[in-house]
């Protein structure tokens, strides 16, 4: 029986149609602005997000790091959600590259404008580092794929403008948020100065993220991308994968969300698991193991032995992520396997 890989939505493989589009992509030198496929991708993302311009990046971490370089200086403070990707999953890059510190606020991946205002540190203070950027992650990875409430995002960005602070949306899974909320991606992106989206997660492309924002900021971002080693030449074959993903795979994201709920519902009935299935809004299931249950490492190893791959997020926390390469039947099977393991069967 085939292994069911729920470790991440980054494990997707390009479909035959995507491979064909990549092989046929017209290419040029992107550093000279001459790669037609990259230019087309950047124009499509900018238009889709309602921004002036966009820039193709090799990875989401690089996109997030470039955002920090645009809006901060070494020693600045950045307000983020608790357990944000920038703090937990970028190998300390923000301290090493931008030299910033983080102030995490809120809980479960969400925070309010009042939380942000309370954490804000004014410029010119003799002791405090100045807060120069606020960052929202939507959907929130470690928060279990939670969709950030749009009214709160708008309030946070309005407060940021009042305080003279830039705003950045880590929207690696923004299209999942759009599918779950029924709001266009451009509406979700509108309050923010700068937005990133990933092509290599639920959209199924093999590589790439894109930053979008004001034209002047994107021009500056291009220099920072080069400084980070992200300059690309004939990148059109990679960009073509992203173009195919945006044109063919947006409409099916709701299937991943429904499949994640199948996994969540199988687990939620177990006395060994702490999980409210109503919080599973998109394609990520994060569940916590109660006292007496096996720990995360044992669950992951036993699941692997039974043909299901999941990820340990902490000693007693496990994540599963659905995607276009797993269907409903596979997710029902995965849920049953995980339920049996946590129940000691």
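General remarks:
- Lone qualifier among 239, 260 - being outside the structural domain of residue 336 (by TED's automatic domain parsing), crowded, with 24+ Cβ neighbours inside 10 Å and part of a helix (DSSP H, G or I): 239
- Of all residues in the range 26-43, those that are out of contact with any strand residue (DSSP E or B) (no Cβ under 8 Å at 6 or more places or on another chain) and either assigned by TED's automatic domain parsing to the domain that holds residue 320 or closer than 17 Å to residue 199 by Cα (or both) total 3.
- When residue 276 is tested against the conditions (1) in contact (Cβ under 8 Å) with a residue 24 or more places away in the chain; (2) closer than 30 Å to residue 147 by Cβ; (3) out of contact with any strand residue (DSSP E or B) (no Cβ under 9 Å at 6 or more places or on another chain), the lone failure is (1).
Every residue, every condition in (1) buried (at least 17 other Cβ atoms within 10 Å of the Cβ); (2) more than 16 Å from the chain's Cα centre (by Cα); (3) outside the structural domain of residue 277 (by TED's automatic domain parsing), yes or no:
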site: 133; (1), (2), (3): yes, yes, yes
site: 141; (1), (2), (3): yes, no, yes
site: 151; (1), (2), (3): no, yes, yes
site: 158; (1), (2), (3): no, yes, yes
site: 179; (1), (2), (3): yes, no, yes
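- Just one of the listed residues (105, 66, 87, 79) is without any contact (Cβ under 8 Å) to a residue 24 or more places away in the chain and either closer than 30 Å to residue 127 by Cα or buried (at least 16 other Cβ atoms within 10 Å of the Cβ) (or both), and it is 87.
- Matching option when the condition is in a helix (DSSP H, G or I) and under 28 Å from residue 147 (Cα atoms), among 319, 332, 304: 332
- When the range 122-162 is filtered for residues that are touching a residue at least 40 places away in the same chain (Cβ under 8 Å) and on the phi > 0 side of the Ramachandran plot, the ones remaining, listed by number, are 144, 145.
- Members of the range 263-282 found to be within 14 Å of residue 334 (Cα to Cα) and either within 21 Å of the chain's Cα centre (by Cα) or part of a loop (DSSP other than H, G, I, E, B) (or both), listed by number: 263, 264
The values are calculated or read from the model by the stated rules, or taken from the named source; none is laboratory data. The structure displayed is predicted, hence computed values, not measured ones. Positions of Cβ are generated from backbone atoms using ideal geometry, with glycine treated the same way; all protein chains shown enter the neighbour counts.
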